[in-house]
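The values are calculated or read from the model by the stated rules, or taken from the named source; none is laboratory data. Because the structure is a prediction, the values reported are computed rather than measured. Counting neighbours? That spans all protein chains shown, and the Cβs are built from the backbone with ideal geometry, glycine included.
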């Protein structure tokens, strides 16, 4: 079974590609098909943006499509300053990984050197007839203004995000530590959601 993953983020593709292949699901990427639409991600949350992406790419390709988005919430910031759905788009500009690190590091510095944050994720599978939705959160971490030398392409904020249990950057956590903090559990649930809804 072939499914299009409507993302250009290499970290998202890497996270699920091999595990889905084991379940006889082949993830096709936007790079594979040579299409990258200018999708207006104007949804109010991660699920709405995921659906907008999935539907836009399905309408062009007629391939069952996965859309995914994530919102960022920072405890210390007022509502009007929350990144929300605009984690990468700041003042109308789409930031690359290093620009994101610089922007959020400056934000941390402006607010005392530490910010408590959580991610809210939304995933939608659309096949032209129905949409299937899944939502999850990853909280209990904070941003600091000192940047790790390591990078996770596509997830640049892992280089300034600290897991409090291990007092380590996300980008430096071992596979065992990720499993312990339930990151792997979330990945398992996402893979199960995809498998259940594309076969």
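Looking at (1) modelled with pLDDT of 95 or more; (2) within 16 Å of residue 123 (Cβ to Cβ), which is the only condition residue 69 fails?
(1)
Just give me the residues in region 134-148 being surrounded by 13 or more Cβ atoms within 10 Å (Cβ to Cβ) and out of contact with any helix residue (DSSP H, G or I) (no Cβ under 8 Å at 6 or more places or on another chain), in sequence order. Break it down stepwise before answering.
Initially, region 134-148 is screened for residues surrounded by 13 or more Cβ atoms within 10 Å (Cβ to Cβ), giving 134-138, 140-145, 147-148.
Selection gives 137, 140, 142.
Across region 15-24, which residue is surrounded by the most Cβ atoms within 10 Å (Cβ to Cβ) among those that are touching a residue at least 24 places away in the same chain (Cβ under 8 Å) and assigned to a helix (DSSP H, G or I)?
20
Residues checked against (1) closer than 29 Å to residue 23 by Cβ; (2) surrounded by fewer than 15 Cβ atoms within 10 Å (Cβ to Cβ):
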site: 125; (1), (2): yes, no
site: 128; (1), (2): yes, yes
site: 132; (1), (2): yes, no
site: 150; (1), (2): no, yes
site: 170; (1), (2): yes, no
site: 177; (1), (2): yes, no
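Which one is modelled with the highest pLDDT, of the residues in region 172-196 that are touching a strand residue (DSSP E or B) at 6+ places or on another chain (Cβ under 8 Å), part of a helix (DSSP H, G or I) and more than 16 Å from residue 125 (Cβ to Cβ)?
Residue satisfying both the conditions and the ranking: 177.
Give 27, 47 a once-over and let me know the one that is over 16 Å from the mean Cα position of the chain (by Cα) and surrounded by 20 or more Cβ atoms within 10 Å (Cβ to Cβ).
Working: 47 fails: over 16 Å from the mean Cα position of the chain (by Cα).
Residue meeting the stated conditions: 27.
Taking the conditions exactly as written (part of a helix (DSSP H, G or I), over 15 Å from the mean Cα position of the chain (by Cα), surrounded by fewer than 19 Cβ atoms within 10 Å (Cβ to Cβ) and modelled with pLDDT under 95), does residue 99 satisfy them or not? Can you show your working first?
Working: part of a helix (DSSP H, G or I): yes; over 15 Å from the mean Cα position of the chain (by Cα): yes; surrounded by fewer than 19 Cβ atoms within 10 Å (Cβ to Cβ): yes; modelled with pLDDT under 95: no.
So residue 99 fails the test.
Go through region 25-51 and count every residue that is modelled with pLDDT under 95, assigned to a loop (DSSP other than H, G, I, E, B) and either at positive phi or in contact with a strand residue (DSSP E or B) (Cβ under 8 Å, 6 or more places away or on another chain) (or both).
Residues that pass the stated criteria total 4.
With the condition kept exactly as written, say whether any residue in region 130-141 is free of Cβ contacts under 8 Å to residues at least 40 places away in the same chain and either closer than 30 Å to residue 63 by Cβ or not in a strand (DSSP E or B) (or both).
Yes: one or more hits.
When you scan region 40-53, how many residues do you find that are in contact (Cβ under 8 Å) with a residue 24 or more places away in the chain and closer than 20 Å to residue 94 by Cβ? Walk me through how you get there before you give the answer.
Here is the first cut: in region 40-53, the ones in contact (Cβ under 8 Å) with a residue 24 or more places away in the chain are 41, 43-51, 53.
Keeping just the survivors that are closer than 20 Å to residue 94 by Cβ gives 41, 43-46, 48-50, 53.
The qualifying residues number 9.
So which residues in region 143-171 are outside any loop (DSSP other than H, G, I, E, B) and over 18 Å from the mean Cα position of the chain (by Cα)? Steps first, please.
We begin by selecting, within region 143-171, every residue outside any loop (DSSP other than H, G, I, E, B); these are 143-144, 156-159, 161-163, 168-171.
If the condition is that a residue be outside any loop (DSSP other than H, G, I, E, B) and over 18 Å from the mean Cα position of the chain (by Cα), then 144, 168 are the ones that fit.
Within region 56-82, track down each residue that is surrounded by fewer than 18 Cβ atoms within 10 Å (Cβ to Cβ) and either out of contact with any helix residue (DSSP H, G or I) (no Cβ under 9 Å at 6 or more places or on another chain) or free of Cβ contacts under 8 Å to residues at least 40 places away in the same chain (or both). Walk me through it before giving the result.
As a first pass, look at region 56-82 and keep what is surrounded by fewer than 18 Cβ atoms within 10 Å (Cβ to Cβ): 59-63, 73, 75-82.
59, 60, 62, 73, 75, 76, 77, 78, 79, 80, 81, 82 - these are the residues of region 56-82 that are surrounded by fewer than 18 Cβ atoms within 10 Å (Cβ to Cβ) and either out of contact with any helix residue (DSSP H, G or I) (no Cβ under 9 Å at 6 or more places or on another chain) or free of Cβ contacts under 8 Å to residues at least 40 places away in the same chain (or both).
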